Each structure stands twice: as structure tokens, then as C-alpha cells.
Amino acid sequence: MADQVPVLITWDVDPYSRRDLERKRRALEAAVELCRELDIRTTFLFVAQEAACYPDEIAEIKRAGHEIGCHGLTHGAEEEYSRMTSEKQRSYIEQATRLLEEQTGMPITAFRGPRVKTSNVTLKLLAEYGYLTDSSVCSQRLDLVSSNMINPGWLAAPRLPYHPHRDSAYRRGDLHILEVPVSALVAPFISSALYVLRLQPMKALFRLLYAEARSTSKPIVYLAHPKEFGPKSGGRFQLWELSPQALRVHGLRFRRYLRESDPEIRLGLSRALFSYMASFPDVRFMTMREYALQFSRAAATDGRE
């Protein structure tokens, strides 16, 4: 993999309320069209109970060669993989995997926990259910406003993809699943940061990540949400709600006002950033599954597996 820079764009297809069905379909269609326009393959991670809302979109995603993965069962406040009991985690993962495989007609092997949360229990269960990759760790990301706040595990986690330890999601071990961290250098390489920082700082962050990837073969993993290309829903929330549960699920809600809110401008920023990434020599856009298989082949060649 030394002669290429893997870039993994991942889309978390989060839920809306039912009354926003057409709105969220249009937003997902915009993400799929953006990938088609730039001729890039990506990974769409669906909340399982929402997948039935997108039969046509899922068919198009499959035709275009993208991967479909799992982003949990409900994405509700109760689905916290850093806190759920092992029994509840097993139930949710089993149901979510079954629903998505029925909906897509294909194996589901990529996972990201809602709100990018995970645990050693989660990863052991994912390995048991045949998942190849998880991407719920953001190595060296310092986040003071999201639902993760300061996550010590993230700060200590390996930067390169790794097989997790049975006792910790944030250490190397021998679990038969590959943890592929979302890219960060203190600031996260995610769409929310793009809509706050705008294009030039995100281009600079990509250049740093590209230089690192050229040196270490580390993939660059970008996290985005199709719903950001749709109009805002009309849900109400308390701006300064600071209950423990609200912070765990939503973080500090005022951060919403720091981001660009116009969906067309968001789409334009995303198009510009993706085009910039594609302009670099040796960049290869790939799915999570493609990367995992390539990683496994390279490890076997090097005698590491």
C-alpha cells in the first residue's frame, strides 16, 4: 500500500422524523450524486430501522459500487455502545445486521456506532458477527463540545488501523476485526468541521494527513452525513440543556450555530474538498471492505498475520 494513499469517505445516514421522509431522500440522493459526479467509491453506514425508507437509493448505492454498512439499530438516546450492557449490545447488533442484510441482500461487514461510541464489548460482538471493520475511534481528536467531550481512549488510541484488544477498544490486540480510525490531528477530519472552519483550513488538514499517509500508509478517513445536504428539520431543543444524558447524546448544542446552515453551500464545500483530495497523486478512494481486504493481504505478505 506504500504506493497509494487510501481515502475512505464514510457517510453516516442518521435518522429523521417520519414527516421528513422526502427531505431525507433528497439529501441522500445529493450525496450519491456527488460521489457519481466525482467518480469515487465510498461507504454508506445506515441506521438499520431507517433503511427501509430508502429502497431506491440503496439499489442505486449498490449499482454504483459503494459499500453499505451499519450505523446501529435506532440511533436513539439509548443506543450508547460505550455504556450498554453486553446483552443489549448483542440484541441491537444482531437485529441491525439482520435488518440491513434483508434490506440490501448483501453481507454487512462495516460498522460505526451512533455518535462514534464503542467499547471492547462492542468490538468482540462485531467480530463474532463477521464484521471486517469498525470506525468508531477518532485517534488524537480533542473534542470539547460533542457528545464524546474529552475521550481519553481517543487520545491514547493508535493512529494506524489496528486489531483491538479484548479488554480495550483503544489498544492493539488480536480481535479479528480491523479498527479504522476516523482521521484527526486534534481537529477532526469530518464534515461538521468543514462547515465551521470552511475550505482552506480543511485543505491544510488534508495536506498534513496526506503527508502522514505517504510516510506510514495510514488511510485518510473522512466522516460526513447526507442529511447535511437537506433543509433543517423543525425540531426544538433547549440550547443550554446540560443534563448528563443530554450531554452524552448531544454534547453542547450551541455548536450547531457555529456551522454553515445552508445545504447548498454545504454541498458546494463538500464538492470542493473532495475534488481537492482527488487532485493529489496516488490518492485512491475505496470502501471500508476494500481497505480491510487490502490491509489483510499486505499484512500476510509482511508476515504480520
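Pairs are defined by a Cβ separation below 9 Å, a sequence spacing of at least 6 or placement on different chains, a first member in the range 91-108 that is among the aromatic types (Phe, Trp, Tyr), and a second member that is surrounded by 20 or more Cβ atoms within 10 Å (Cβ to Cβ) and in a helix (DSSP H, G or I); the pairs so defined are Tyr92/Ala48. Only a single item in (1) under 20 Å from Ala299 (Cβ atoms); (2) crowded, with 19+ Cβ neighbours inside 10 Å is not met by Arg172, and it is number (2). Among all residues of the range 138-147, there is at least one that is part of a strand (DSSP E or B), at pLDDT below 95 and within 17 Å of Lys218 (Cα to Cα).
Criterion first (assigned to a loop (DSSP other than H, G, I, E, B), of a type outside the set (Lys, Arg) and surrounded by fewer than 22 Cβ atoms within 10 Å (Cβ to Cβ)) does Leu208 satisfy it? It is false that Leu208 is assigned to a loop (DSSP other than H, G, I, E, B), of a type outside the set (Lys, Arg) and surrounded by fewer than 22 Cβ atoms within 10 Å (Cβ to Cβ). Scanning the range 63-96 for residues that are open to solvent by 10 Å² or more (accessible area, probe 1.4 Å) and in a helix (DSSP H, G or I) turns up Arg63, Ser86, Glu87, Lys88, Arg90, Ser91, Tyr92, Glu94, Gln95. Close Cβ contacts (under 9 Å, 6 or more residues apart or on different chains) running from residues in the range 55-68 that are touching a residue at least 60 places away in the same chain (Cβ under 8 Å) to residues that are of a type in the set (Gly, Ala, Ser) comprise Glu67/Ala110.
In the range 192-204, is there at least one residue being crowded, with 22+ Cβ neighbours inside 10 Å and modelled with pLDDT of 95 or more? Yes, the range 192-204 contains at least one residue that is crowded, with 22+ Cβ neighbours inside 10 Å and modelled with pLDDT of 95 or more.
Among the listed residues Leu123, Leu99, Leu142, identify the single one that is of a type outside the set (Gly, Ala, Ser), at negative phi and open to solvent by less than 10 Å² (accessible area, probe 1.4 Å).
Only one candidate passes the filter, namely Leu123.
The values are calculated or read from the model by the stated rules, or taken from the named source; none is laboratory data. Since this is a predicted model, take the numbers as computed values, not measurements. Cβ coordinates were reconstructed from backbone atoms using ideal geometry, including for glycine residues, and neighbour counts include every protein chain displayed. Ligands, DNA and RNA are stripped out before the accessible areas are found, and what is left, the full protein with its side chains, is counted by its heavy atoms. Shrake-Rupley method; radii C 1.70, N 1.55, O 1.52, S 1.80 Å.
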